[in-house]
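**Q** A single structure is presented below for examination.
Read-outs: derived from the displayed coordinates by stated rules, not from any lab. Everything numeric here is computed off the predicted structure, so don't read it as measured data. Here the Cβ positions follow ideal geometry from the backbone for every residue, glycine too, while neighbour counts run over all protein chains shown.
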Amino acid sequence: MVYLFTALYCEAQIFIRQFNLTKNLENIWFQEFYNETLNLRLTITGVGELAAAAAVSSTCSMYRPTPSDLLLNVGMCAHTAKKDGIFLCNQIIELATGKTFYPDLLYRHPFRESAIVTGMLPWNAGQDGGRFGGQAPFAADLLPSNTQTDERMIAAGALAGMLYDMEAAAIYQAGIHFFAPHQMIFLKVVSDNGNAAEVSKEQVTSLMQNYQDCIIDYLMQTAAITKEHSDHNNEMNEKDKQIVETFCTDLHCSKAMRDSMRQYIRYMALSGMDYIGMIRELYEKNLLPCKDKKEGKQRFEEFKRRLF
């Protein structure tokens, strides 16, 4: 299943039309459209972090995504350097907290990549280089108040030329309770350079139509790869599953380490690497099992270094 989230109906129209989505009249909280045959469900969240987080939580709590599912957030954004086009977000920064999130980009794609800043208020470009809803420039907001002036100036330069929206960080934070980082994709189309009030619904629809083919092609290809990988996992024989489970146990993996190991194994499977052979080799060299968690962590780091 692909779970699509857009903030506005005019952003969702290309998907509703292309995939012949039906409106779910039983959902009284958010506008929801679906096509069970194509395994596609679209929810219109409304504008802003609170609305986006509520919509993702509501949808995912109701339908309970699986490891073979995808979350795709598509919508408009501003660009602080007056660029246009469509971007795949490789870094998400929440303006209010300064927290940074990193979706895993495992699949090839035709898009330019960019970081995106998410704020509670629209970004208004001005003579000061752009302020966020009357707030101070975001580069300064992301640093502690006692940061030296020269450091703040350096940060402002480093963070220049980013995307800006009002939903991505909230969707990531709500989505991470249901999806792994590699299952979440954020595609943003630049609609303005700080003058969102001047952008009409018709312009948004037109921009989405301009990039319709590349968005839908990427969506379909990525969904197919994810399903194929999920089928591969399901087809893993019991012997290999036991090897992986024993590997984590003998490393004395914490919950965080086990989750990381699943990500690495998924990466190796997608890359066609013989990860079972790599694990067996560690046992043959008497490097496993580890005597305690400290040694397990060292072996875990060695395994990562060998992988990359």
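**Q** Provide the net charge surrounding VAL204, with neighbours chosen by a C-beta distance below 15 Å and charges set as Lys +1, Arg +1, Asp -1, Glu -1. Present the calculation step by step, with values, prior to reporting the outcome.
**A** On the way: positive: ARG17, LYS188, LYS201; negative: GLU11, ASP84, ASP165, GLU167, ASP192, GLU198, GLU202.
Summing Lys and Arg as +1 and Asp and Glu as -1 gives -4.
**Q** When the chain is fully extended, how far beyond the present Cα-Cα distance does VAL199 get from LYS294, taking 0.36 nm per residue of separation?
**A** 28.6 nm
**Q** Sticking with this structure for a sec: If you line up the Cα atoms of segment 236-307 on their principal axes, what length do they span on each, largest first, in Å?
**A** 30, 24, 22
**Q** Using only the alpha carbons, work out the radius of gyration and Dmax of segment 1-75 in angstrom.
**A** 11.3, 31
**Q** So, one more: Going by average Cβ density within 10 Å per residue, which order do the peptides 61-70, 277-286 take, highest to lowest? Let's see the in-between values first.
**A** Numbers: 61-70: 15.1, 277-286: 12.6.
Final packing ranking: 61-70, 277-286.
**Q** Could I ask something else about it? Going by how many other Cβ atoms sit within 10 Å of their own, how do TRP123, TRP29 line up, fewest first?
**A** Values: TRP123 28, TRP29 11.
Taking fewest neighbouring Cβ atoms as first place, the list is TRP29, TRP123.
**Q** Same structure again: Which pairs in the list LYS255/LYS297; LYS99/LYS293; LYS23/LYS188; LYS83/LYS188 are over 19 Å apart, alpha-carbon to alpha-carbon? Mind showing how you got there, number by number?
**A** Values: LYS255/LYS297 12 Å; LYS99/LYS293 29 Å; LYS23/LYS188 24 Å; LYS83/LYS188 12 Å.
Going by Cα-Cα distance, LYS99/LYS293; LYS23/LYS188 fall outside the 19 Å limit.
**Q** Another one. Considering only the other residues whose Cβ falls under 13 Å of the Cβ of GLN173, what net charge follows from Lys and Arg at +1 and Asp and Glu at -1? All intermediate terms of the calculation are to be shown ahead of the outcome.
**A** Numbers: positive: LYS99; negative: GLU49, GLU94, GLU167.
Around GLN173, the surrounding residues sum to -2.
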